[in-house]
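Heads up, the thing below is written out as structure tokens.
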Amino acid sequence: MKHKSIKSLVLSLLLGLMASSVYAHALWIHTSSTAELGQTHSFKVYYADYHEDAVEDVADWYSDVEEFELWLISPSGKRSKLNKIARKDHFEGSFIADEKGEYQLQISHTAKVLKGTTAYQFNASAQVWAGKGKADLMEQTDLMLTRDPKSTKFNVSYKGQPLPEATINILSPDKNSQDLITGKKGKAKAEMKGSGKYFAEVTKTEKLEKDDPSGLKAIWRCATQVVDK
């Protein structure tokens, strides 16, 4: 793993200050939501805060975030690790959609703690539909943000259970921002009338017990999804 500069330590402190914020730097999977059967389907992964138009070069990513693993879950439930290639400010790769139904790309990476007593977990997902067909129950990350097929209804779950009263921030292509509050079933509907990329993000901070063996006081988690309309 490459040596981390003073900039990484500064980023660590900034993340500490923003741990209770609705949004900060996060991992984002960019890909089309529809795929052609038997064809190569590409994706890109960025580390960015789109509210600030801040897309980081891979060399400047916080801690060991660039070591994330990206998993593909097929409509039949098959799970496979995808290869990724590093570029200047993102990673990229592809897969072949050979089943009908919903594919899901998932990242869940807890960064190595550089300083302080808070761990930062970056979750990202993308849903890709290849023709019609239902998917088996998807594997859950600790904090997960998904949406209903061809819909602007979002679902938030935490450790496998619906998360009520969660705040989902949606950044629209024109840079307007809206906050949604999930109901009892962890669901909320967004307004997405214009075309372009929408960035959806939810965060949750878990406070740990004083005597937690990790020595940490909290785990800050975020979950993201890019919706390209």
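What follows draws every value from the coordinates through simple rules; no lab data is involved. Please read these numbers as outputs of a predicted model, since none were measured by experiment. Cβ placement follows ideal geometry from the backbone for every residue including glycine, while neighbour counts extend to all protein chains displayed.
Using only Cα atoms and rounding to the nearest 10 degrees, what angle (0 to 90) does helix 6-17 make with the longest principal axis of the chain? Taking Cα atoms only, the helix is inclined about 80 degrees. Sorting the Cα pairs of the chain by distance into bins of 10 Å, from 0 upward, gives 8, 33, 37, 19, 3, 0 percent per bin.
Rank by packing, highest mean first: peptides 80-87, 43-50, 167-174, with packing defined as the count of other Cβ atoms within 10 Å averaged across residues.
Numbers: 80-87: 11.9, 43-50: 20.2, 167-174: 16.9.
Those peptides, ordered most packed to least, come out 43-50, 167-174, 80-87.
Placing a pseudo-label 7 Å from each Cα along the Cα-to-Cβ vector at K217 and D98 gives an inter-label distance of 5.1 nm.
Placing a label point 7 Å from the Cα of K115 along the Cα-to-Cβ direction, the residues of the stretch 55-82 whose backbone N falls under 18 Å from that point are 60-65. Counting every pair of alpha carbons in the stretch 76-162, the share spaced more than 19 Å apart comes to 51 percent.
Full extension of the chain between K197 and A59 yields a length gain of 47.2 nm, computed as 0.36 nm times the residue separation minus the alpha carbon distance.
Relative contact order for the chain: what is it in percent, counting Cα pairs under 8 Å that are at least 6 residues apart? Relative CO of the chain lands at 20 percent.
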